[in-house]
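All of the numbers you see were taken from the coordinates with simple rules; none came from a lab. Note that the structure is predicted; figures quoted are calculated from it, not measured. With ideal geometry, Cβ positions are generated from the backbone for all residues, glycine too; neighbour counts draw on all protein chains shown.
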Amino acid sequence: MSSPSISVVVPTRDRPELLRAALDAILGQDHPGRIEVVVVYDQSEPDRSLETDDGQRQVRVVTNIRTPGLAGARNTGIEQATGDLVAFCDDDDEWLPGKLAAQLAALDAHPDGALVSCGIRVSYDERTVDRSLEMSRVPLDALLRDRLTELHPSTFLIRRAALLDGIGLVDEQIPGSYAEDYEFLLRAARHAPLVNVGSPYVLVRWHKRSYFAQRWETISVALQWLLRRYPEFATVPHGEARVAGQIAFAQAAMGNRRNAVAWARRTLARNPREPRAYLALAVASRAVPADRVLRTLHKRGRGI
């Protein structure tokens with residue numbers, strides 16, 4: 001692929017300083033082709049002063065006209081994109097130097113691939129942890145077994161034709177847009193094995209507010225929706241146990257002890273070694289608070 005044009009979709013809401021840092025990192029990529037950034041303002045007033053165009057680098061500002069939230073904002077940007085490839089970047093993340101060059105080389109090496117990702121550098125509580133996958137191809141079975149957090153949406157670079165005609169837009173029906181990126185990956189992997197660059201090329205910021213207790217209900221409902229949407233989980237016991245364990249933990253964090261125990265039992269029936277079940281039971285018994293568990297995991301660059 002010779003200097004393809006790239007459209008980068010950046011949904012944003014009330015993060016002006018972080019957004020500008022994200023834009024600088026995108027526009028500063030060493031890519032000889034055209035880079036178009038579509039900044040999509042979701043439920044907030046757009047800042048038209050960000051718009052610029054020098055022929056090779058363009059920033060466009062639009063407003064989310066679809067379902068309010070991250071999924072609708074991403075889809076608004078996808079529909080506005082004109083590049084040969086479409087990339088995602090959250091407004092609080094930053095691409096590191098060399099990202100596009102490494103990913104384009106990977107796509108060249110795997111011409112049947114539709115989506116290429118890369119490793120991430122997780123920043124949390126003034127610490128950074130690199131997370132990368134050694135595999136260059138990620139099949140659907142691997143994603144069913146493990147969420148593979150390394151495959152973060154801010155790393156996605158997708159052939160636009162495959163996105164529109166094969167994979168499809170981001171699903172806007174997922175409750176609260178939770179795990180919409182995971183569902184998108186599962187659908188993309190159904191279309192073709194994912195391509196991956198085994199080095200971290202995106203700085204991902206994890207915020208403490210991302211695990212506020214009021215989100216647990218959304219998390220539980222969304223993950224149950226995901227299990228129903230993808231019956232393939234039933235063929236991968238470890239994967240089904242992982243998701244069930246997340247639901248058990250969410251129920252425990254909400255104080256729903258009976259539901260937490262029921263989901264923990266379902267988890268252990270599929271995989272007796274699934275640690276999320278034991279963490280859920282510990283939280284349900286009030287041996288440890290849910291937020292303490294998450295803080296400990298986040299410091300290691302991991303989540304529940």
Assign one of three labels to the stretch 77-152, namely rounded, prolate or oblate, based on the Cα gyration tensor with a ≥ b ≥ c the square roots of its eigenvalues; rounded applies when a/c is under 1.5, prolate when it is not and a/b is larger than b/c, and oblate otherwise.
oblate
I need the calculated FRET efficiency for the pair Asp125 and Gln80, taking r as the beta carbon distance and R₀ as 30 Å, to the nearest 0.05.
0.25
From the P(r) of the stretch 213-299, could you give the percentage of C-alpha pairs in the tail past 16 Å?
48
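For the residues Phe156, Phe88, what sequence is obtained by ranking on other C-beta atoms within 10 Å, fewest first?
Details: Phe156 25, Phe88 22.
So the ranking, lowest neighbour count to highest, is Phe88, Phe156.
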The chain: relative contact order in percent, alpha carbon pairs under 8 Å with at least 6 residues between:
17
Here, Asp146 and Arg13, labelled 7 Å along Cα→Cβ, have an inter-label distance in nm of 3.1
Take the alpha carbon atoms of the stretch 17-80, find their radius of gyration, then divide it by 2.2 N^0.38 Å using N residues; give the quotient.
1.13
Average projection area in nm² (convex hull over Cα atoms of the stretch 103-147, one quarter of hull surface):
4.2
Quick one: of the DSSP bridges fully inside the chain, what percent are antiparallel, nearest 5?
40
Quick check of the Kirkwood formula: for the stretch 25-161, what is the inverse mean of 1/r over all pairs of different Cα atoms, in Å?
16.4
Footprinting proxy, Trp206, Trp95, Trp263: sorted fewest to most Cβ within 10 Å, the residues are Trp206, Trp95, Trp263
If you average over every viewing direction, what projected area does the convex hull of the Cα atoms of the stretch 146-304 give, in nm²?
9.7
